[in-house]
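Each reported figure results from applying straightforward, stated rules to the coordinates on display, with no laboratory input. As the structure is a computational prediction, the values presented were derived from the model and not from experiment. Glycine also receives a Cβ, built like all others from the backbone with ideal geometry; neighbour counts cover every protein chain displayed.
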Amino acid sequence: MNQRLKEAIPFLIIMCIVGLGIQYIYKPKTEESIIFFPINENVKYESATTILMLQPEKKNDHYEVDWKVSSKLDTPAYLRQDVGFLFMNGRLKGLMNEWEQDTDQIVEESTLKGKESSLLQGVSFHYSEIHETETEFTSAQKMSEDELYVIDSNFSPLNAFRQPSTPAEKEWKNILDKVSTQQLEYLWEKAFDSMEIPLEDYTSFPLTQLPKLENQPLEGFTQQEWDRVIGNLWEGLYKNYYLGIKKEDGSVIESIDSAIPLILVKNDQKEVLVLLIDRNGDTSLLKQQIIL
């Protein structure tokens, strides 16, 4: 058995779909894949960014937002990969994935079209697989995010901001935050009721908030343990969200138009749940045992 497979086997991913548990064993590809290996403390990211920028003029009655994800390691890695999700008003509207071998830098760019005032949230995972020797593998990881409010109204010029600076922008921010939050909370609460998840046993937050917690481990975790949780979490998100959401009948539905995933970390540091709600409103639960 090769070393790569040995490292992957302990991290089993269990997909529980509303009352029915289906077990998947992650068998990584030899190239494009995210696998958590021990963090290499001697390798650092010189930069890691997600940037959303509104183009100043509309095209065919639509506005366009430039979405750029980039990162640079301080040394070439065996595999560099960046994965990004872009949400509009709480729904997934864009996917990004780029990987290269024997490089230190990744740059990806895309454009998203819109036609109404919206809250855009981009979140990215920057990953490096490092081969110390033919049998010793380590990794480096970093997250980044950006948030942009786009105001497309008949009563004002096309505008975008990250932080409101005028009374009108503050009002728009409150409106867009409220609309997005209410829709998500309705979907999440409906799922909680059907699956009878004891919320008091978990700390929960949307995926879009995870980058802000990168260097703020939840209570009970060391930074090293939290890094492992994050790495394993993104390993599961790539396999079971970026590549599509697995259904009870074995089919896979694309994740576009799904709700922002909700992450639930058990307070006893034993497991992580990821609540997935697809475009049809069907609910899936990704479950990972925490191995510290």
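Kindly write out, for segment 254-261 in residue order, the coupling ³J(HN,Hα) from the Karplus curve 6.51 cos²θ - 1.76 cosθ + 1.60 (θ = phi - 60°), rounded to whole Hz, with x marking Gly and Pro.
So the J values, rounded to whole Hz, are 5, 7, 4, 6, 6, 6, 4, x.
Would you mind ranking LEU264, LEU199 so that the residue whose beta carbon has the fewest other beta carbons within 10 Å leads the list?
With the fewest neighbours first, LEU264, LEU199 line up as LEU199, LEU264.
Which of rounded, prolate or oblate describes the chain when judged by the alpha-carbon gyration tensor and an a/c cut-off of 1.5?
It is oblate, given that a/c is not under 1.5 and a/b is not larger than b/c.
Give a residue-ordered list of calculated ³J(HN,Hα) values for segment 82-94 (Karplus: 6.51 cos²θ - 1.76 cosθ + 1.60, θ = phi - 60°; whole Hz; x for Gly, Pro).
Ordered by residue, 3J(HN,Hα) equals 10, 10, x, 10, 10, 10, 10, 6, x, 10, 6, 10, x Hz.
Set the Förster radius R0 to 22 Å, insert the Cβ-Cβ distance between GLN182 and HIS62 as r into 1/(1 + (r/R0)^6), and round the FRET efficiency to 0.05.
0.30
How would you rank SER128, SER139, going from fewest to most other Cβ atoms within 10 Å of each one's own Cβ?
Result, fewest neighbours first: SER139, SER128.
Mind sorting HIS131, HIS62 by how few other Cβ atoms lie within 10 Å of their own Cβ, fewest first?
Ordered by Cβ neighbours within 10 Å, fewest first: HIS62, HIS131.
Computed over the Cα atoms of segment 45-169, what is the ratio Rg over Rh, Rh following Kirkwood?
My calculation puts Rg/Rh at 1.10.
Provide the per-residue ³J(HN,Hα) series for segment 222-235, in order, calculated from phi with Karplus coefficients 6.51, -1.76, 1.60 and θ = phi - 60°, each as a whole number of Hz, with x at glycine and proline positions.
7, 4, 5, 5, 5, 4, 5, 4, 5, x, 5, 4, 5, 4
Could you let me know the centre-to-centre spacing of segment 233-292 and segment 134-149, using Cα atoms, in angstrom?
For segment 233-292 versus segment 134-149, the Cα centre distance is 19 Å.
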